[in-house]
Amino acid sequence: MAEAGEQEEESEEEPKLKYERLSNGVTEILQKDAASCMTVHDKFLALGTHYGKVYLLDVQGNITQKFDISPVKINQISLDESGEHMGVCSEDGKVQVFGLYFGEEFHETFDCPIKIVAVHPHFVRSSCKQFVTGGKKLLLFERSWMSRWKSSVLHEGEGNIRSVKWRGHLIAWANNMGVKIFDITTKQRITNVPRDDISLRPDMYPCSLCWKDSVTLIIGWGTSVKICSVKERHASEMRDLPSRYVEIVSQFEAEFYISGIAPLCDQLVVLSYVKEVSEKMEREYCARPRLDIIQPLSETCEEISSDALTVRSFQENECRDYHLEYSEGESLFYIVSPRDVVVAKERDQDDHIDWLLEKKKYEEALMAAEISQKNIKRHKILDIGLAYINHLVEKGEYDIAARKCQKILGKNAALWEYEVYRFKEIGQLKAISPYLPRGDPVLKPLIYEMILHEFLESDYEGFATLVREWPGDLYNNSVIVQAVRDHLKKDSQNRTLLQTLAELYTYDKNYGNALEIYLTLRHKDVFQLIHKHNLFSSIKDKIVLLMDFDSEKAVDMLLDNEDKIAIKKVMEELEDRPELQHVYLHKLFKRDHHKGQPYHEKQINLYAEYDRPNLLPFLRDSTHCPLEKALEICHQRNFVEETVYLLSRMGNSRSALKMIMEELHDVDKAIEFAKEQDDGELWEDLILYSIDKPPFITGLLNNIGTHVDPILLIHRIKEGMEIPNLRDSLVKILQDYNLQILLREGCKKILVADSLSLLKKMHRTQMKGILVDEENICESCLSPVLPSDAAKPFSVVVFHCRHMFHKECLPVPSLTSPTQFCNICSAKHRGPGSAILEMKK
């Protein structure tokens, strides 16, 4: 039907159109007759023949009506937009315009062949009963108010009228000289577009016209294409000119002679008549016509697609024998030739997918089907996907094929199982294993077991990975356990198999066997397994193994679960491993100083043996440690620091100090010890011990100043004794003394300032007025201070402590002590103002 051009074949570009012959009744007609013209309506087709017949066809080519118009060739058929009226003209001069459903309207025979006829697009309206005919001149027929037809000549004198198209109020026609446009409303001809190649016979290479819209006319003539736009003229430019004018917006040359032209969105569909030269016979011959889609530009065009059409008897046809008609509503294009009618239509998504599948572009076909799944009719996503998987398998791309199964097979368990068996047949079970569904859907257990056995025979690591990743309920666990045990008989020390077996035991809730394997392997998950499944009863006799594996984690676990494994039980299990006992008791003591009380005496030896740095902190923090036992051990091992601490703690500070000086010879430590004890006798002992040791004297001079009077030390120094850095030490003593004096003076100043500030504050407070009202009572007689009759004179004494008295209730002051004091505050030995402080508190 149609073959792509060489350029398309090389680039593998997808065709834009698809083709099919109009068959059924058309085939029958063209076996006996030949098509001469055709016109297209949205609802039906009208086909004219060389034997003067007009057939109405449905879109499948079935004959619905037949009209015998003339014994000779039908030149043109015209339909109005409603499809109810038709105009026909023939080679013998006959013109008929009639209603398809209401009878004949006009019938006349002219004295010359009538080449064209066009009825008004709105002929169905009574006000639009107009049509034009063309032979040697263009006539406009209009029906008058008395239903008579009158004619007027629109144009003549330039040869035969060979093409006409009527759109809205504009009529375009072509004669031997060019193309004219007539405005039916203003009765004005608004343009003349001359033809370019006057060497071509207009009867052999007729002009092709079509309206893209109501103001855009497309002209194809010879090899020239022009796109004309009808525009309104500005009022200032009118004068005697028509109200409209035409502007050529695009003009270019085609490769071949144009037989028909039609719009397709912003592109053009061009039917071309092709002549080629035979290399052997060196003469021209008629080649297959071409249907091109081109993108017009201002002065050139771009070819989008080009198809060569195999129409019947194309070798015998001339350029005038081809016609291109189109249906605007559905983008259908009809290529009409004497012996064939071919329908071209835009390719839909199904066609696009067909082409992709033909080119083995399965990925793109699948994507296109998914995007347009609501619009495709002939294809199913699943079928495309299965074809894609088959294609990948045939190419040997097993991994990609297996990965695509996830998306394509989805939740279809039957298809999954079919694909698994197919992969098994080609020895590629491993490829599909990572992508098998594990939840929705779930395949038969046999499928999963088959894959696990495949890995077990050749890939232990892959087998272990699948066991970890797959839920245990996908397959029969006992079958796989037995298979692993069989393999371990051949390789009993294989860590991968042992670990996988432990995981299988765990899923089977056989935790004892799993724990034993984990401990043998010293696997890090052993503690997680114990915690997760509460296996503390199973590990009571495995504490040493756990401690040997990871003592830190083991001790933390044992201490976290004291209620399940008692301290006593742990110590019994570790009886032969004192170093592990120490680790356990040390962590226990750090958590709680009292829980391990029964073992504190034992810990002294353990610390002394395995962890001396922590012995002294233990002795300091423990309140249950037997000091005598500890002192004995430290003496035996000559642990001076620990012995000093124990002696001081037991109250034997002088012995402790003596040991520091005699054993450690550390004056700084001795001074620090004396400072901690803050005992004068210790300082005396320290001075006596140091008096004949110059380095000790230097240390004392540098540090004693704030605790003991340095004069006591200086007086005891023997004359002539050489003391290192004596000068610096004396200077430091003086500086320390000056510093003390300065500190005392500073403190004194602060105290004086604070006292003055507080005195001023008290004075301001005492100067404030004190409210006295009827609620206040005399602290002596307990009656209201203020009299009920305010007119009577009265005397009230109010002290700064806020206590109030009637004057007569207070004792009369003596001559020796005229100052009066509050009886209440004086009795309590409090000073004035103390009640205010109590109120503030």
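With axes computed from alpha carbons, what is the tilt in degrees of helix 600-610 against the longest principal axis of the chain, rounded to the nearest 10 within 0 to 90?
Approximately 70 degrees, to the nearest 10.
For the pair Glu394 and Leu545, how long in nm is the line joining their label points, each one 7 Å along Cα→Cβ?
5.8 nm
Where a Cα-Cα gap under 19 Å defines reach, which aspartates and glutamates qualify for Lys489, not counting those fewer than 8 residues away within the same chain?
Once the sequence-local aspartates and glutamates are set aside, what remains near Lys489 is Glu454, Glu457, Asp459, Glu461, Glu503, Glu516.
Per DSSP H run of at least 4 residues, take -39500 (n - 2.57); add these up for the chain, divide by its residues and hand me the 222 nm value, nearest 500 deg cm²/dmol.
It comes out at -11500 deg cm²/dmol, rounded to the nearest 500.
What ³J(HN,Hα) values, in whole Hz, does the Karplus curve 6.51 cos²θ - 1.76 cosθ + 1.60 give for region 237-252 when θ = phi - 60°, with x put for Gly and Pro?
Each residue's phi maps through the Karplus curve to give 9, 5, 6, 9, 8, x, 6, 10, 9, 10, 10, 7, 8, 8, 8, 7 Hz.
Tell me, Kirkwood radius of region 252-330 from alpha-carbon pair distances, in Å?
Hydrodynamic radius (Kirkwood, Cα only) of region 252-330 equals 13.6 Å.
Over 19 Å between C-alpha atoms is what I'm after, so list which of Lys53/Lys345; Lys380/Lys444; Lys424/Lys444; Lys180/Lys212 land there.
Lys53/Lys345; Lys380/Lys444
Note down, for region 523-663, the three equivalent ellipsoid semi-axes (square root of 5 times each alpha carbon gyration tensor eigenvalue), biggest first, whole angstrom.
36, 13, 11
Go through 165-171, 516-522 and give me the packing order, highest mean Cβ count within 10 Å leading.
Packing order, densest peptide first, comes out as 165-171, 516-522.
Which order do the peptides 392-399, 734-741, 20-27, 257-264 take when ranked by the mean count of other beta-carbon atoms within 10 Å per residue, highest first?
Ranking the peptides 392-399, 734-741, 20-27, 257-264 by packing returns 257-264, 20-27, 392-399, 734-741.
Taking N as the number of residues in the chain, what is its alpha-carbon radius of gyration divided by 2.2 N^0.38 Å?
The value comes to 2.11.
Among 28-37, 227-236, how do they line up from the highest to the lowest mean number of other beta-carbon atoms within 10 Å?
28-37, 227-236
Counting only residues 5 or more places away or on other chains, whose amide H sits under 5 Å from the amide H of Leu22 once H atoms are built in the peptide plane?
Long-range HN contacts for Leu22: Val341, Val342, Val343.
Using Cα positions and a limit of under 23 Å, work out the lysines in reach of Lys275, with same-chain residues fewer than 8 apart set aside.
Straight-line reach from Lys275, under 23 Å: Lys226.
Could you give me the radius of gyration and the Dmax of region 500-598, taking only the C-alpha atoms into account and expressing both in angstrom?
Rg, Dmax (Cα atoms, Å): 13.8, 44.
Could you derive backbone 3J(HN,Hα) for region 757-762 from the dihedral phi with the Karplus parameters 6.51, -1.76 and 1.60 (θ = phi - 60°), listing whole Hz in sequence and x where the residue is Gly or Pro?
Per residue, the Karplus-derived 3J(HN,Hα) values read 4, 5, 4, 4, 4, 5 Hz.
May I ask for log10 I(q)/I(0) of region 416-575 at q = 0.09 Å⁻¹, from a Debye sum over the Cα atoms as equal point scatterers with solvent left out?
-0.38
Sequence neighbours fewer than 8 away in the same chain don't count; with that in mind, list the lysines whose C-alpha is under 17 Å from Lys675.
Lys658
When averaged across all projection directions, what area in nm² does the alpha-carbon convex hull of region 348-443 cover?
Across all orientations, region 348-443 yields a mean hull projection of 6.2 nm².
In bins 5 Å wide, starting from 0, what share of all Cα pairs of region 227-360 does each bin hold, as a percent?
2, 9, 15, 16, 16, 14, 11, 8, 5, 3, 2, 1, 0, 0
Taking a quarter of the surface of the convex hull around the Cα atoms of region 24-258, what do you get in nm²?
With every direction weighted equally, the projected area is 14.2 nm².
How big is D for region 23-100, in µm² s⁻¹ as a whole number, if Stokes-Einstein is applied with the Kirkwood radius of its Cα pairs at 10 °C and 1.306 mPa s?
Approximately 130 µm²/s, per Stokes-Einstein.
Could you list, in their original order, any pairs among Lys360/Lys407; Lys540/Lys629; Lys569/Lys590 whose Cα atoms are separated by more than 22 Å?
The pairs that break the limit, which is 22 Å between Cα atoms, are Lys540/Lys629.
What list of ³J(HN,Hα) couplings, whole Hz, do you get for region 37-53 from phi and the Karplus terms 6.51, -1.76, 1.60, once you set θ to phi - 60° and write x for glycine and proline?
Along region 37-53, the couplings run 6, 7, 10, 10, 10, 4, 9, 7, 10, 10, 10, x, 10, 5, 9, x, 9 Hz.
No lab work stands behind these numbers, since they all come straight from the coordinates. In this text the structure is predicted, and so the values were computed from the model without any measurement. Ideal geometry is used to build each Cβ from the backbone, glycine not excepted, and the neighbour counts take in all protein chains shown.
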